[in-house]
Amino acid sequence: MRSTGTGHSAEKVAAIRSSPIWAIIVHGGAGEVEPEEAEANRSGCLRALAAGQAVPEGDGCGRGRDPGA
């Protein structure tokens, strides 16, 4: 096994580099969130994150997801 100087084999590094990399950014809104709305705001952001994370596991386009998320 060849060393890459990173502690990983060349094969492992090649596998990582060939894997798709994605990121999700969820914006909770502009301005301050009132304390009584904080939990609902956080819950909505977490639902949006979960919906986004599910897209690569499905058909990749997000169709059929919960429109309320």
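The values are calculated or read from the model by the stated rules, or taken from the named source; none is laboratory data. Note that the structure is a prediction, hence the values are computed from the model and not measured. All Cβ positions, even for glycine, are placed from backbone atoms using ideal geometry, and neighbour counts span all protein chains on display.
Summary of computed values
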{"quantity": "Selection status of Ala51, surrounded by fewer than 10 Cβ atoms within 10 Å (Cβ to Cβ) and either at pLDDT 80 or above or hydroxyl-bearing (Ser, Thr, Tyr) (or both)", "calculated": "no"}
{"quantity": "Residues (of a type in the set (A, V, I, L, M), surrounded by 11 or more Cβ atoms within 10 Å (Cβ to Cβ), closer than 25 Å to Gln53 by Cβ and modelled with pLDDT of 80 or more) located in region 14-36", "calculated": "Ile24, Val26, Val33"}
{"quantity": "Cβ-Cβ under 8 Å pairs, at least 6 apart or on other chains, region 32-47 side of a type in the set (Val, Ile, Thr), far side part of a helix (DSSP H, G or I)", "calculated": "Val33/Asn41"}
